[in-house]
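> One structure coming up, written as structure tokens, with questions to follow.
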Amino acid sequence: MNAAALRAAAESRYPAFLARLAELVEIDCGSRHLDGLRQAAARLVTYAAEAGADVRTVGVSDQQGTPLGQAVVARATGRGHRRILLAAHLDTVFPPGTAAARPLTVDGTTGRAYGPGVCDDKGGLLAGLAAVEVLGHLGADRFGELVLVATPDEEIGSIGSRGLLAELAAGADAILCLECARDNGDLVSARKGVADVEIDLHGRAAHAGIEPERGANAALAAAHLTVALQGIDGVNVGVLQAGTRPNVVAEHARLVVDVRAAETGAYQAALADIARLAQTPVVAGVTATMRVVAPTPPWPGGPGTAALLRAAEQVGAELGLAVTHAATGGCADANLLAESGKPVLDGLGPVGGGDHSADEWLDLNSVIPRVALLAGLIDRIS
């Protein structure tokens with residue numbers, strides 16, 4: 001594909017990208033905020049329909065049947081054979097009221113845009129849609145089908161979208177994830193596995209001054225357990241709560257533990273070590289219950305990812321854009337999609353940073369070259 005035509009087509013989509021970005025950033029759509037997520041999904045449905053895609057929504061609920069919002073699935077049909085999945089998400093980590101307090105602003109000196117979700121993942125989502133529009137504008141339809149999915153629950157571990165993601169991944173030949181590029185421009189070629197482990201310690205209350213021997217101190221058990229867990233590689237005890245009053249032997253304690261590992265073996269071993277330690281509290285009379293929340297296995301990259309990287313590097317060279325990549329400690333839907341065994345590459349949105357903070361930013365200067373790169377990559381692997 002002609003690089004100049006590709007860049008020109010990406011440039012022509014920039015005004016629409018920026019207008020849509022402002023619209024989406026104005027919507028509070030934190031995880032579980034159903035009204036905002038519904039609005040964001042409706043906007044995306046409109047955008048995708050304007051691009052000529054066949055669009056549907058899929059209701060998403062957790063294991064208890066509690067609604068989490070709607071996923072949007074948009075499809076564009078080409079004349080080839082390969083199905084390429086583009087994956088993004090609608091939800092952010094910010095509470096209601098954040099959009100009104102921090103609407104989209106642009107620093108004219110740096111070219112950075114600021115606002116809730118501007119990078120994670122509204123900028124990436126809209127870049128994916130812009131790439132689909134670029135290919136349509138150029139008549140570049142060598143793919144068999146392009147499928148764009150945007151889920152409403154990625155920030156809480158895709159607890160309701162996992163079945164949909166597995167279904168779409170199973171039918172794909174390649175999977176391109178639209179989390180934004182790292183702040184130095186790197187694509188993402190591997191991600192650590194992550195799990196939250198909730199541990200509740202159940203002791204026995206007693207008067208701390210009169211008959212402490214009748215109690216079983218869950219706070220003491222939690223302290224010992226915290227020290228032991230911190231000795232496991234990749235484990236962090238981020239929450240520790242215990243007791244009710246200083247003159248009462250603590251009846252209950254709670255730990256929430258973050259687990260991260262780059263390799264599957266280390267990930268499984270860490271979870272096994274946590275379970276072993278939790279099930280054998282060192283304080284007599286204290287018992288424990290444990291729950292693993294939204295376990296997300298490591299995505300270590302592999303040959304399929306390497307092949308996609310080579311294709312991205314080739315397209316980047318034609319566009320005059322250096323393509324670099326890195327592994328990252330954060331997980332995303334790429335981890336879940338990679339379980340399909342299909343080739344996966346992430347970080348294909350524009351360049352951004354400050355995720356999950358009041359300083360979250362998107363480099364608007366990177367939008368046109370990154371949309372061109374993504375569109376060219378789709379065409380190359382088609």
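> Taking interchain pairs and intrachain pairs at least six residues apart, which have beta carbon atoms under 8 angstrom, with the first residue in the stretch 358-382 and closer than 21 Å to Val147 by Cβ and the second of a type in the set (S, T, N, Q)?
Close Cβ pairs (under 8 Å, with a partner that is of a type in the set (S, T, N, Q)) amount to Arg380/Gln314.
> If you don't mind, another one. Determine whether the stretch 125-133 contains at least one residue that is within 23 Å of Ala294 (Cα to Cα), touching a Gly at 6+ places or on another chain (Cβ under 7 Å) and either at pLDDT 95 or above or part of a helix (DSSP H, G or I) (or both).
No, the stretch 125-133 contains no residue that is within 23 Å of Ala294 (Cα to Cα), touching a Gly at 6+ places or on another chain (Cβ under 7 Å) and either at pLDDT 95 or above or part of a helix (DSSP H, G or I) (or both).
> Ok, one more. Please tell me if Gly349 is of a type outside the set (Lys, Arg), on the phi > 0 side of the Ramachandran plot and out of contact with any Pro (no Cβ under 9 Å at 6 or more places or on another chain). Outline the logic, then answer.
Numbers: of a type outside the set (Lys, Arg): yes; on the phi > 0 side of the Ramachandran plot: no; out of contact with any Pro (no Cβ under 9 Å at 6 or more places or on another chain): yes.
Criteria not met by Gly349.
> Continuing with this model, one more query. Would the stretch 155-164 turn up any residue that is surrounded by fewer than 21 Cβ atoms within 10 Å (Cβ to Cβ), under 25 Å from Gly36 (Cα atoms) and basic (Lys, Arg)?
Checked the stretch 155-164: at least one residue is surrounded by fewer than 21 Cβ atoms within 10 Å (Cβ to Cβ), under 25 Å from Gly36 (Cα atoms) and basic (Lys, Arg).
> For the stretch 165-219, give me each residue that is surrounded by fewer than 22 Cβ atoms within 10 Å (Cβ to Cβ), part of a strand (DSSP E or B) and of a type in the set (Lys, Arg).
If the condition is that a residue be surrounded by fewer than 22 Cβ atoms within 10 Å (Cβ to Cβ), part of a strand (DSSP E or B) and of a type in the set (Lys, Arg), then Arg204 is the only one that fits.
> Now, a different point. Could you say whether any residue in the stretch 207-228 is at pLDDT 95 or above and closer than 30 Å to Gly354 by Cα?
Yes - at least one qualifying residue is present in the stretch 207-228.
> Let me ask something else about it. Please go through (1) part of a strand (DSSP E or B); (2) within 30 Å of Ser357 (Cβ to Cβ) for Val55 and return the number of the only condition it doesn't satisfy.
All conditions are met except number (2).
> Condition first: farther than 29 Å from Pro212 by Cα and touching a helix residue (DSSP H, G or I) at 6+ places or on another chain (Cβ under 7 Å). Now tell me which residues in the stretch 234-256 satisfy that.
Of everything in the stretch 234-256, those that are farther than 29 Å from Pro212 by Cα and touching a helix residue (DSSP H, G or I) at 6+ places or on another chain (Cβ under 7 Å) turn out to be Gly234, Val235.
> Shifting gears a bit: For the list (1) crowded, with 20+ Cβ neighbours inside 10 Å; (2) within 23 Å of Gly171 (Cβ to Cβ); (3) among the β-branched types (Val, Ile, Thr), I need the number of the one condition that Thr77 fails.
Tallying (1) crowded, with 20+ Cβ neighbours inside 10 Å; (2) within 23 Å of Gly171 (Cβ to Cβ); (3) among the β-branched types (Val, Ile, Thr), Thr77 fails exactly one: (1).
> Can we say Arg20 is assigned by TED's automatic domain parsing to the domain that holds Pro67 and either touching a Cys at 6+ places or on another chain (Cβ under 7 Å) or closer than 17 Å to Arg112 by Cα (or both)? Break it down stepwise before answering.
Values: assigned by TED's automatic domain parsing to the domain that holds Pro67: yes; either touching a Cys at 6+ places or on another chain (Cβ under 7 Å) or closer than 17 Å to Arg112 by Cα (or both): yes.
So Arg20 passes the test.
The values are calculated or read from the model by the stated rules, or taken from the named source; none is laboratory data. Owing to the predicted nature of the structure, the values given are computational and were not obtained by experimental measurement. Cβ coordinates were reconstructed from backbone atoms using ideal geometry, including for glycine residues, and neighbour counts include every protein chain displayed.
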